[in-house]
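Read the structure below first, then the notes.
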Amino acid sequence: MIIFAGQNSFMTYKELEFRVIDAISGLYGQNEARSVQRFLFACFSGFDPAGYLLKRNEEADEDFENKIILAIPRLIEFEPVQYITGKTWFCGTELSVRPGVLIPRPETENLVMKIVEKHKSREGISILDIGTGSGAIAISLYLLIGTARIEAIDISEVALSIAKENADENRAVVGFSQIDILDRKASEKLPFFNVIVSNPPYIRQSEKSLMKRNVLDFEPETALFVENSDPLIYYRAIAGFALSHLEPGGELWFEINESEGENLQILLKNLGFRHIEIIPDLNSKPRYAFAQIQ
Ligand code: GLN
């Protein structure tokens, strides 16, 4: 219920939809405004899509209406809708996200699916996710590969607490530890793995000018950016670590900056990796890397 000049005005769900879209379509564009509105409504209403269609012309629940009205100024400030609702979906799994962890992206789902396709029927595979953030990769791999043993590390205590919450919520068994992968001494004590996967920070500082406010003003810098002078800093550290922590024939999988494919290929080759592949994403941009040790 919203009060205008002392008069009670009740809105239907449909009227509330238009209210959101009118408020943000000038800033987001019509299509994105629509998808942001749908995401917001799906999270806050808890209705399934078919159930929602039946209710659209009914008067909106007061609590729901208040949540939507409070969300509008935040959307106008470009706060990501996933932080406003506190959740997102990744590989079919609901995850909590808050400032302090990157909102997992669809291109990373694709990386997970490539690993799942290759290993879904392999018994007892061990996997390490480096820079786990919300836990998206580690939790999905646990849920999609029946018998995997999964560990995940991150430098950030906040990220690890959100990742643990997500693992518990989804009954995923993942061992989490706080380790900075650039600190060789700290990572040395980890055991051997069959697969090491990472989506480390890879956006150069110089690319900031191309990025949108919803990312720049709200998502964690440390999860996204690297210095222009050494954009592969995390890849070098992770590949070096992988040389001493992969089982024979073990695999390294990365998400990458589309402009670093060739440099990463050279780096992995010089370290002695084999079967190196730079793999395109759904937009045909080089987005993933694969490599194996002897
Ligand atoms: N793909 C993410 C983005 O475009 C970046 C992820 C990363 O830096 N690892 O915002």
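The values are calculated or read from the model by the stated rules, or taken from the named source; none is laboratory data. Given the structure is predicted, the values throughout are model-derived calculations rather than measurements. Backbone-built Cβ (ideal geometry, glycine too); neighbour counts: all protein chains shown.
Things worth noting here:
- Scanning region 143-156 for residues that are surrounded by 24 or more Cβ atoms within 10 Å (Cβ to Cβ) and charged (D, E, K, R) gives a single hit, Asp154.
- Candidate set from region 222-254 (those that are of a type in the set (Phe, Trp, Tyr) and either out of contact with any Gly (no Cβ under 8 Å at 6 or more places or on another chain) or more than 15 Å from Leu271 (Cβ to Cβ) (or both)); member that is farthest from the ligand (Cβ to nearest atom): Phe241
- Inspection of region 163-171 finds a residue satisfying the criterion of being of a type outside the set (Gly, Ala, Ser) and farther than 21 Å from Gly100 by Cα.
- Yes/no for Pro201 being within 26 Å of Met113 (Cβ to Cβ) and in contact (Cβ under 8 Å) with a residue 60 or more places away in the chain: yes
- Considering Phe47, Phe39, the condition of being without any contact (Cβ under 8 Å) to a residue 40 or more places away in the chain, among the aromatic types (Phe, Trp, Tyr) and surrounded by 13 or more Cβ atoms within 10 Å (Cβ to Cβ) is satisfied by Phe47 alone.
- Conditions (1) assigned to a loop (DSSP other than H, G, I, E, B); (2) away from the ligand (no atom under 16 Å from the Cβ); (3) surrounded by 16 or more Cβ atoms within 10 Å (Cβ to Cβ); number of the one not met by Glu79: (2)
- Residue, surrounded by the fewest Cβ atoms within 10 Å (Cβ to Cβ), within region 158-198, restricted to residues that are closer than 26 Å to Glu123 by Cβ and polar (S, T, N, Q): Ser177
Let's see how each residue does on (1) of a type in the set (D, E, K, R); (2) under 27 Å from Lys118 (Cα atoms):
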| site | (1), (2) |
| --- | --- |
| Asp180 | yes, no |
| Arg184 | yes, no |
| Ser187 | no, yes |
| Phe193 | no, yes |
| Asn214 | no, no |
| Pro231 | no, no |
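- Residue check for Asp22: at pLDDT below 90 and among the charged types (D, E, K, R): no
- Conditions (1) away from the ligand (no atom under 14 Å from the Cβ); (2) touching a residue at least 60 places away in the same chain (Cβ under 8 Å); (3) touching a strand residue (DSSP E or B) at 6+ places or on another chain (Cβ under 6 Å): number failed by Leu190: (3)
- Sub-8 Å Cβ pairs linking a first residue in region 114-142 that is over 18 Å from Gln178 (Cβ atoms) and surrounded by 16 or more Cβ atoms within 10 Å (Cβ to Cβ) to a second residue that is modelled with pLDDT of 95 or more and of a type in the set (D, E, K, R), at least 6 apart or interchain, are Ile125/Arg149; Ser126/Arg149; Ser126/Glu151; Ser126/Glu247; Ile127/Arg149; Ile127/Glu151; Ser140/Glu109; Leu141/Asp129, ordered by first then second residue.
Conditions tested, residue by residue: (1) over 30 Å from Leu75 (Cβ atoms); (2) buried (at least 19 other Cβ atoms within 10 Å of the Cβ); (3) in contact with a Ser or Thr (Cβ under 8 Å, 6 or more places away or on another chain).
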| residue | (1), (2), (3) |
| --- | --- |
| Ser229 | yes, no, no |
| Ile238 | yes, yes, yes |
| His275 | yes, no, no |
| Leu282 | no, no, no |
| Ala289 | yes, yes, no |
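- Scanning region 111-152 for residues that are closer than 19 Å to Tyr235 by Cα and either among the β-branched types (Val, Ile, Thr) or within 13 Å of the ligand (Cβ to nearest atom) (or both) yields Leu111, Val112, Ile115, Ile127, Asp129, Ile130, Gly131, Thr132, Gly133, Ile137.
- Within region 211-221, the set of residues being within 9 Å of the ligand (Cβ to nearest atom), outside any loop (DSSP other than H, G, I, E, B) and over 15 Å from the mean Cα position of the chain (by Cα) is empty.
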